[in-house]
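What follows is calculated from the coordinates using simple rules that are stated; it is not laboratory data. Just so it is clear, the model here is predicted, and its values are computed rather than measured. No Cβ is skipped: glycine too gets one built from the backbone with ideal geometry, and neighbour counts run over all protein chains shown.
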Amino acid sequence: MLTGKLVRLRAMEPSEAETLWRWNNDPEVVRWMGEGYPESLAQITERCEDRNRNSYDNVLLGIETLDEGRLIGIVRLGDTEPEIGSAELDIYIGEKDCWGKGYGTDATREICRYGFDRMRLHSIELWVVAENEAAIRVYEKVGFSRDGRRRDAFRRDGKWHDMILMTMLEGELAG
Ligand SMILES: CC(C)(COP(=O)(O)OP(=O)(O)OC[C@H]1O[C@@H](n2cnc3c(N)ncnc32)[C@H](O)[C@@H]1OP(=O)(O)O)[C@@H](O)C(=O)NCCC(=O)NCCS
């Protein structure tokens with residue numbers, strides 16, 4: 001378990017599949033996230049049960065509030081490339097009443113700290129839709145820099161959006 005100032009990051013249980021399914025079906029939560037094909041609750045449950053244990057290749061952790069022990073989101077470091085010590089970060093807070101309270105920043109900082117200190121990563125990267133200002137703000141607060149822009153890389157509701165590549169190198173984690 002990783003403990004920050006506001007959240008604890010811990011492994012997910014298969015019994016939490018229903019919560020994931022609810023978040024994945026909330027249009028506001030997934031507004032700026034890559035659109036997979038719709039999954040039934042049974043399919044998500046099967047995926048959770050069959051999931052490999054956390055490893056260097058893929059670390060997926062639930063975000064739980066420290067005060068109430070409530071599961072509010074997920075964070076992941078994956079697509080790790082050992083040759084260059086890099087991994088890609090994904091995060092979402094599925095419980096919308098928890099947005100804007102500092103949980104996303106704390107969770108992002110803790111998973112990045114884990115990546116640099118424990119996994120010996122050299123860099124962490126992510127792609128974010130240019131309009132997702134709350135997420136960009138979180139990433140910049142934690143120490144990510146904007147590295148590049150891919151035009152028309154995301155399509156939602158019939159409109160194209162640019163995506164921003166953000167990276168953070170070891171030694172750049174803020175706070
Ligand atoms: C993006 C997300 C993880 C942020 O988590 P959070 O817990 O709400 O973030 P925090 O409360 O730690 O910080 C949010 C920051 O963004 C700012 N913010 C919020 N809405 C904003 C907006 N529309 N424009 C600019 N800044 C905004 C907040 O003021 C805060 O900054 P501050 O601390 O300087 O005041 C969360 O909103 C989320 O999961 N969204 C849906 C999924 C998603 O988009 N994931 C990222 C995919 S790349």
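Residues that are closer than 30 Å to Arg53 by Cα, part of a strand (DSSP E or B) and either within 16 Å of the ligand (Cβ to nearest atom) or among the aromatic types (Phe, Trp, Tyr) (or both) do occur in region 129-138. Scan region 66-111 for residues that are hydroxyl-bearing (Ser, Thr, Tyr) and farther than 25 Å from Trp21 by Cβ and the total you get is 3.
For region 86-114, filtered to residues that are away from the ligand (no atom under 13 Å from the Cβ) and free of Cβ contacts under 8 Å to residues at least 40 places away in the same chain, the residue that is surrounded by the fewest Cβ atoms within 10 Å (Cβ to Cβ) is Ser86.
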